[in-house]
Each structure stands twice: as structure tokens, then as C-alpha cells.
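Colleague: Below you will find the structure I want to go over with you.
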Amino acid sequence: MDYKSFIREVPDFPKPGILFYDITTLLKDPNCLQSIIDDLIKKYEGAGITKVVGIESRGFILASPLAYHLNAGFVPVRKPGKLPADAIEVQYDLEYGSNSLSIHRDAIQEGERVLILDDLLATGGTAAATVQLIRQLGGDIAGVGFLVELDGLAGRKKLDEYAVYSLIHYT
């Protein structure tokens with residue numbers, strides 16, 4: 001399926017000079033959504049994944065149904081102040097600023113095989129911060145997956161010791 005043809009490109013969002021790839025136009029199509037989840041299932045089925053970590057917020061959309069199909073748990077990684085129990089936090093840089101992410105301390109057990117999933121790989125800061133959180137909890141990173149990768153921003157370099165997979169590439 002030609003996923004790119006369903007993605008809306010929004011110039012100058014969230015600030016001038018940024019071209020935003022809006023995946024809501026892709027996700028609202030039931031055939032595209034089913035195909036995306038099916039593609040991810042084919043990629044990760046049989047990998048022994050025990051937890052699928054979704055990064056706030058669009059990563060939740062992909063991670064939850066994939067976790068269900070893999071018979072794995074779903075773990076949200078959220079912005080600070082959004083999790084109700086004891087959490088750890090890490091700060092990271094974005095292509096247009098900085099932010100922080102947090103995860104519950106009891107979300108990942110030592111040695112669990114964890115797949116990290118998000119909608120977009122740009123500069124890699126968000127995914128690298130999530131890797132740091134999982135490693136602090138003792139998780140084994142089974143892979144890092146994305147719906148879209150912006151190849152020109154070289155975010156993959158920050159994840160070079162892990163298996164990175166992206167369904168859609170923009171050069």
C-alpha cells in the first residue's frame with residue numbers, strides 16, 4: 001500500500017521552516033490502519049517481545065493494538081506529570097526545542113524484551129530518551145519501530161546499537 005499518498009503535509013507547523021507529516025489522514029482510513037498494524041505484526045511476531053512501549057501520544061495508537069496481537073503488555077511513556085505512580089524521568093532535545101519523558105518505575109522488569117514504538121523518527125532524541133528509560137529499568141531493547149522516518153535528519157544514528165525499523169521513509 002502506498003502509505004505516503006494518505007499523509008497530509010503541513011508546512012510551517014509547529015513553527016516556520018518545519019514540514020509536518022500529518023498521519024491522522026492515514027490513520028482515519030480503516031484499510032490503511034489495518035495494513036499498518038498487519039505490517040508491524042509481520043515484522044515483530046515471534047520476536048519474544050513481552051512489552052510494547054508507546055511514546056506519547058501518537059505512539060500509543062500503534063503500540064496498543066500491536067501489543068494485543070503479540071500477547072505482550074502495553075507501557076506508555078509520557079510527558080512529566082502525567083503518570084500517577086512513582087516514575088523516572090529523562091530530558092531530551094527535539095529538532096525544535098527540548099522536553100522530558102517519564103515512565104512508571106514498575107513498568108518494565110529486569111530482562112524483559114521491549115519493543116519501542118512511535119509514529120516518527122526525526123532527530124532521534126525522543127526515541128533515544130525512551131531507550132534510556134527502558135535501560136534504567138533493566139529492559140532488553142528488542143527493537144525500535146516507527147511509522148515514518150525522516151532519513152535526512154539522521155535520527156537512526158542515535159539508535160545505531162538497536163534494530164530500527166520504519167514503514168515509511170522520507171529522504
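Only the coordinates and a few stated rules stand behind these numbers; no lab work does. Predicted, not measured: the structure shown is a model, and the values here were computed from it. Every residue, glycine among them, receives a Cβ derived from its backbone with ideal geometry; neighbour counts consider all protein chains shown.
Colleague: Would you please give the residues with an amide H less than 5 Å from that of Ile168, counting only those at least 5 places away or on a separate chain, with H modeled from the backbone geometry?
Modeller: Val148, Glu149
Colleague: I would also like to ask the following. Over the stretch 48-170, what is the relative contact order in whole percent, taking alpha-carbon pairs under 8 Å and six or more residues apart?
Modeller: Working: 278 pairs, mean separation 28.3, N = 123.
For the stretch 48-170, the relative contact order is 23 percent.
Colleague: Can you give the helix-only mean residue ellipticity at 222 nm for the chain, where every DSSP H stretch with n ≥ 4 adds -39500 (n - 2.57) and the sum goes over all residues, rounded to the nearest 500 deg cm²/dmol?
Modeller: On the way: 4 runs with 44 residues, N = 171.
Computed mean residue ellipticity for the chain: -8000 deg cm²/dmol.
Colleague: Let me ask something additional. Eight or more residues apart or on different chains, and alpha-carbon atoms under 22 Å: count the Lys pairs in the chain matching that.
Modeller: 13
Colleague: Any idea how far apart Asp86 and Lys43 come out in nm if each label point goes 7 Å out from Cα toward Cβ?
Modeller: Label-label distance for Asp86 and Lys43, simple model: 3.5 nm.
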